[in-house]
1. Please work out the C-alpha center-to-center distance from segment 436-481 to segment 140-193 and express it in whole Å.
2. In whole angstrom, how far apart do the alpha carbon centroids of segment 30-101 and segment 200-243 sit?
3. Around Ala435, under 14 Å between beta carbons, what's the net of Lys plus Arg minus Asp minus Glu among the other residues?
4. Report Rg (one decimal) and Dmax (nearest whole number) for segment 412-495, counting Cα atoms only, units Å.
5. Dipole magnitude of segment 276-351 about its Cα centre, charges +1 at Lys/Arg Cβ and -1 at Asp/Glu Cβ only, in debye to the nearest 20?
6. What are the lysines whose alpha-carbon lies under 16 Å from the alpha-carbon of Lys136, with same-chain residues fewer than 8 places away excluded?
7. Mean residue ellipticity at 222 nm from the helices of the chain, using -39,500 (n - 2.57) per DSSP H segment of n ≥ 4 over the full residue count, to the nearest 500 deg cm²/dmol?
8. Would you please put 166-173, 466-473, 31-38 in order of how densely packed they are, using the mean number of other Cβ atoms within 10 angstrom per residue and starting with the highest?
Amino acid sequence: WYDDQQDSDHGPDYGPRLAVLFNPAFAPSHLAVKGLQLDDQPRTRHQGINTQYRNRDILGGHELSVEAYYRNEKGRWFPSVSAAVHPALPGGFAYVAMQSNTDIDVWGVRSALHKAFDVDGRALQLSYGVDHEREKDRQLGQTYDITAFIASNGLNYVPTQRYAMGPDVRVDTTGLFLQGDYPLTERVTVQAGVRHQILRNRVEDSVPYTEAIAATANPAYVPKLLEGGNVRHSQTLFNAGVVYKVADGQQLFANFSQGFSLPDTQRMLRDVPASFVIDSRNIGPIKVNNYELGWRRSDDAVLQGGVTAFYNNSDKTVQFNRDYSVSVADTDERVWGVEANLRYLPNEQWEFGASVASTRGQYKDANGQWRELNAFRVSPLKAGLYGQWRFATDSLLRLQGQVVGGTDHAWRDAQVAAVSPTIRATPSAKISGYAVFDLLAEIPLGVGRFSAGIYNLADRDYKTVYGQQAAATYGQISSVAAQGRTFGIGYRWEY
């Protein structure tokens with residue numbers, strides 16, 4: 001159970017006469033202004049339950065494992081102001097202050113049988129079973145009186161209407177799988193598997209929120225209905241891998257796997273017009289091929305680490321657009337990179353560690369040229385490092401840092417990328433690098449451990465990668481600074 005709520009009497013500074021909203025050239029101050037009147041403030045709530053059952057001797061020596069789970073996620077965001085464009089609105093558009101509310105229900109069951117079979121004196125481990133998951137998505141928009149909003153310079157929110165923001169969606173995912181693991185020799189182990197996955201997507205009839213807003217503003221207008229529909233896709237997926245034991249605790253490995261999933265259908269359909277046709281042709285799955293090659297070392301008491309190179313490709317790319325819509329473009333995408341980690345323990349007191357990840361990603365524009373994915377999709381170079389001292393009392397002191405590199409590859413490509421009705425221009429930002437350090441302490445206390453930390457130790461003024469990319473995609477009002485120096489305490493009890 002997790003509940004995160006805001007209760008504040010401070011709101012954003014929209015500038016004189018809401019200049020930040022209505023004049024793109026006006027730079028926001030990003031200061032908090034006292035006087036916010038908003039009853040339903042941002043909130044995130046998660047609830048979940050998970051149960052597992054295992055029988056180690058069933059059906060002739062099989063081991064049965066069954067897992068069932070349920071979770072509910074509710075989210076409420078701060079209201080934003082945008083222009084709803086529709087021919088039936090007076091003047092063709094209306095400014096709307098709207099707050100997004102999401103409600104997601106997920107339940108599922110995973111079951112598998114495991115058994116070892118003797119093949120040529122070696123154990124062939126087989127696992128096979130079935131899993132099923134159902135997800136229900138719903139999103140509502142609460143509008144507020146635009147006159148009161150403007151008169152208060154964006155601080156007074158008087159609720160008016162509630163609208164559905166996209167249709168209610170149900171997604172069922174069913175999979176049947178067979179997975180095997182077999183040691184060819186004392187040093188070489190192979191694994192392979194097959195999975196048949198079925199996706200069913202049921203979309204209910206709905207009235208697009210632009211239609212509903214137009215009907216509210218113009219009583220003579222009859223809103224159009226977005227007809228629902230059923231979507232079904234299935235695919236047989238494969239995976240294979242090999243592990244070579246270089247020495248005790250050291251391994252080389254290579255893997256291939258495939259993924260198959262639908263995009264966030266509810267979010268994708270939130271902004272479509274009533275004329276959109278919901279069927280398997282217009283709502284297609286994304287199939288991804290993944291390749292990886294690497295080395296790892298885990299047994300050494302002094303030095304542990306690993307390095308992995310990866311590459312994946314698909315025939316679709318997800319795009320986040322300036323008008324807050326999300327679209328899936330039918331064009332090729334590829335992502336590749338390398339990740340490495342290292343842990344060094346020179347003695348019982350000291351411990352040092354580091355990690356680095358470098359990733360690149362590209363999509364084909366309307367002319368078939370490869371263009372860089374922006375920072376919403378692919379993170380720039382990122383490295384982490386830490387050092388810690390463990391006292392004789394089992395207390396510890398840890399200094400850790402994260403370093404993010406800058407890049408302008410996607411920004412430069414965005415200036416020349418070709419677009420089409422289905423492949424949009426992807427707004428991209430010049431990403432500036434930064435480094436942030438934290439100081440953490442932990443001591444045994446009672447039956448558990450007490451911890452305290454100072455985060456962003458140097459009180460660095462910076463923007464996260466997401467915050468920098470948000471400025472290019474959604475405007476400067478969405479690009480706020482990261483947290484300054486922050487203090488935190490915690491208590492952990494393991495049982």
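The values are calculated or read from the model by the stated rules, or taken from the named source; none is laboratory data. Model, not experiment: these values are computed from the prediction. When we count neighbours, we look across all protein chains shown, and the Cβ atoms used for this are built from the backbone with ideal geometry, even at glycine. Accessible surface is based on the protein model in full, side chains and every heavy atom, while ligands, DNA and RNA are left aside. Shrake-Rupley method; radii C 1.70, N 1.55, O 1.52, S 1.80 Å.
1. Between the Cα centre of segment 436-481 and that of segment 140-193, the gap is 25 Å.
2. One Cα centre to the other: 17 Å.
3. Values: positive: Lys382, Arg460, Lys463; negative: Asp438, Asp459, Asp461.
Its environment carries a net charge of 0.
4. Values for segment 412-495 (Cα only, Rg and Dmax): 20.2, 64 Å.
5. Working: 8 positive and 12 negative charges, 36 e Å.
It comes to approximately 180 debye.
6. List returned: Lys74.
7. Details: 6 runs with 39 residues, N = 495.
Helix-only estimate at 222 nm: -2000 deg cm²/dmol.
8. On the way: 166-173: 21.0, 466-473: 19.5, 31-38: 13.2.
So the peptides 166-173, 466-473, 31-38, ranked by packing, come out 166-173, 466-473, 31-38.
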